[in-house]
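**Student:** Sharing a structure below in structure tokens format, with a few things to ask.
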Amino acid sequence: MEQHVFDEFCKIIHRESGIALTSEKVPLLTSRIARRLRALKIEDEKRYLDYMLQDKTGEELINLLDVISTNTTYFWREESHFEWYAEVVNRFRNEGKEELKVWCAASSSGEEPYTLAIILKSMFPNNSKILATDISMTILQRASRGLYPAPSIETLPKNLQKYFKIVDHEGEPWAQIHPSIQQSVLFKRLNLSNFPYPLKGPLDIIFCRNVMIYFQTDLRAKMVQQFERLLVPGGYLVISKTESLIGIQHGLRNLGNSIYQRV
Ligand SMILES: C[S@@+](CC[C@H](N)C(=O)[O-])C[C@H]1O[C@@H](n2cnc3c(N)ncnc32)[C@H](O)[C@@H]1O
């Protein structure tokens, strides 16, 4: 891909999603864009760039952001966060709280929010809703099906696996999430680089893991400001253990293990 075309894509992607691509990402960008070239039968990246810029519906921009975003996720990722979450949810229940508001930001294909939903449902059977958001429409659609290759749920503890039913899907065993859990998760598109977030607080717990790594510090700082604003005093923000809030001004208390609390 020619340098000026790459630069133009980077500018648009950064402006629209916050994702910062450096020049060593040329091969990655080229291979991701190749998917759109094949789908649209367009010959090269420059023509694709023009096509996208001329698309007044904005649909192709969403398709571009879809192929650019890295959706890697899996059940029970960074498991200590879920163990901590189960304890906190239990504590809230014992304190007599009747409802918890939980947001899973950058929820990808649903493994993370469904796990949060299962744990929540087991303690708040009648009042458990999780908001799960992502920038990618494709991944949100996949997440809302709640259908996973059967081996992928094996990382979950046995008592959580029982919320899935093994079904035949195109001749292979797949794990289908229980409808009551599926219905308790609301999937919505939300771009974390657009401010302010169109959400009503106060929220009790926010999970936002493995997405800040794609953003620069100024954007991360704005995100954390929004999280802080939306959290109830005493509420929690969980980020990935590979991420940190170092260099960001905030008023959250650091509890360790990448968990922060609004004071
Ligand atoms: C690596 S996955 C992380 C999934 C999950 N949170 C986890 O920790 O396993 C990153 C997700 O962030 C989403 N994403 C990237 N940029 C985003 C943005 N600006 N707003 C919202 N989601 C975004 C991607 O579509 C992708 O699904």
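**Student:** Where the centre of each part is set by its Cα atoms, how far does the stretch 212-232 sit from the stretch 11-36, in angstrom?
**Tutor:** Between the Cα centre of the stretch 212-232 and that of the stretch 11-36, the gap is 22 Å.
**Student:** Relative to the first principal axis of the alpha-carbon coordinates of the chain, what is the inclination of helix 79-94, with its axis defined by its Cα atoms, in degrees from 0 to 90 and to the nearest 10?
**Tutor:** 40
**Student:** Using a Förster radius of 22 Å, what is the FRET efficiency between residue 20 and residue 242 based on their Cβ-Cβ separation? Nearest 0.05, please. Before the final figure, lay out each step's value.
**Tutor:** Working: r = 16 Å, r/R0 = 0.74.
The formula returns an efficiency of 0.85 here.
**Student:** May I pose another question? Once you charge only the Cβ atoms, +1 for Lys and Arg and -1 for Asp and Glu, what is the size of the charge dipole of the chain about its Cα centre, to the nearest 20 debye? Walk me through the intermediate numbers first.
**Tutor:** Details: 33 positive and 31 negative charges, 138 e Å.
In debye, rounded to 20, the chain gives about 660.
**Student:** Here's something else I'd like to know. In the structure displayed, which of 188/241; 46/222; 121/188 lie more than 22 Å apart, Cα to Cα?
**Tutor:** Details: 188/241 25 Å; 46/222 33 Å; 121/188 20 Å.
188/241; 46/222, as the Cα separations exceed 22 Å there.
**Student:** How much length, in nm to one decimal, is gained on full extension between residue 232 and residue 43, taken as 0.36 nm per residue of separation minus their Cα-Cα distance? Write out the running numbers ahead of the final one.
**Tutor:** Details: separation 189, 0.36 × 189 = 68.04 nm, distance 5.13 nm.
Roughly 62.9 nm would be gained on extension.
**Student:** What is the helix-to-structure angle for 217-230, meaning the angle in degrees between its Cα long axis and the longest Cα principal axis of the chain, kept from 0 to 90 and rounded to the nearest 10?
**Tutor:** 40
**Student:** Nearest 20 debye, what's the magnitude of the dipole of the stretch 1-153 about its Cα centre given +1 on Lys and Arg Cβ and -1 on Asp and Glu Cβ? Intermediate results must be reported in sequence, preceding the final value.
**Tutor:** On the way: 20 positive and 23 negative charges, 79 e Å.
Around 380 debye, computed over the stretch 1-153.
**Student:** Still on this model: Quick check for me: using +1 on Lys/Arg Cβ and -1 on Asp/Glu Cβ, what's the dipole size of the stretch 40-124 about its Cα centre, in debye to the nearest 20?
**Tutor:** Details: 10 positive and 17 negative charges, 63 e Å.
With only Lys, Arg, Asp and Glu charged at Cβ, the dipole is about 300 debye.
**Student:** Can you check what the net charge comes to around residue 250, using other residues whose Cβ is under 15 Å from the Cβ of residue 250 (Lys, Arg +1; Asp, Glu -1)? Provide the component values of the computation, followed by the final result.
**Tutor:** On the way: positive: 220, 222, 229, 253, 262; negative: 218, 228, 243.
Result for the local shell: +2.
**Student:** How high is the FRET efficiency between residue 154 and residue 99 when r is their beta carbon distance and R₀ equals 35 Å, given to the nearest 0.05?
**Tutor:** Details: r = 32 Å, r/R0 = 0.91.
According to the calculation, E is roughly 0.65.
**Student:** Can I ask one more? Counting only helical runs of four or more DSSP H residues, what would the 222 nm mean residue ellipticity of the chain come to if each run contributes -39,500 (n - 2.57) and the total is spread over all its residues? Could the numbers behind the result be given before it?
**Tutor:** Details: 10 runs with 112 residues, N = 263.
Calculated mean residue ellipticity at 222 nm is -13000 deg cm²/dmol.
**Student:** Related question: Test of understanding: extend the Cα→C-beta vector of residue 249 to 7 Å, then name every residue of the stretch 194-225 with backbone N under 16 Å from that spot.
**Tutor:** Under 16 Å, as judged by backbone N against the label point of residue 249, lie 217-225 of the stretch 194-225.
**Student:** Roughly what would the spin-label model give for residue 28 and residue 186, points 7 Å off Cα along C-beta, in nm?
**Tutor:** The two pseudo-label positions are separated by 3.3 nm.
**Student:** Note down the accessible area of residue 218, probe 1.4 Å, to the nearest 10 Å².
**Tutor:** 100
**Student:** For the chain, with a Gaussian network of springs between Cα atoms less than 10 Å apart, report the residue from 156, 140, 53 with the top mean-square fluctuation.
**Tutor:** It is 53.
**Student:** Tell me, in nm to one decimal, what length is gained between residue 257 and residue 216 on full extension, where the rule is 0.36 nm per residue of separation less the Cα-Cα distance?
**Tutor:** Length gained, residue 257 through residue 216: 12.6 nm.
**Student:** Name the shape class, rounded, prolate or oblate, that the alpha-carbon gyration tensor gives for the chain, where a ≥ b ≥ c are the square roots of its eigenvalues, rounded holds for a/c under 1.5, and otherwise prolate holds if a/b is larger than b/c and oblate otherwise. List each step's numbers first, then the result.
**Tutor:** Numbers: a/c = 2.21, a/b = 1.38, b/c = 1.60.
In terms of gyration-tensor shape, oblate.
**Student:** When a/c is below 1.5 the answer is rounded, else prolate if a/b is larger than b/c, else oblate, so apply that to the stretch 4-71 with a ≥ b ≥ c taken from the square roots of the Cα gyration tensor eigenvalues. Write out the running numbers ahead of the final one.
**Tutor:** On the way: a/c = 1.41, a/b = 1.21, b/c = 1.16.
Rounded.
The values are calculated or read from the model by the stated rules, or taken from the named source; none is laboratory data. Being a predicted model, the structure only gives us computed values, none of them experimental. Here Cβ is always computed from backbone atoms with ideal geometry, including for glycine, and neighbour counts include all displayed protein chains. What goes into the accessible areas is simple: the full protein's heavy atoms, side chains included, and nothing from ligands, DNA or RNA. Shrake-Rupley method; radii C 1.70, N 1.55, O 1.52, S 1.80 Å.
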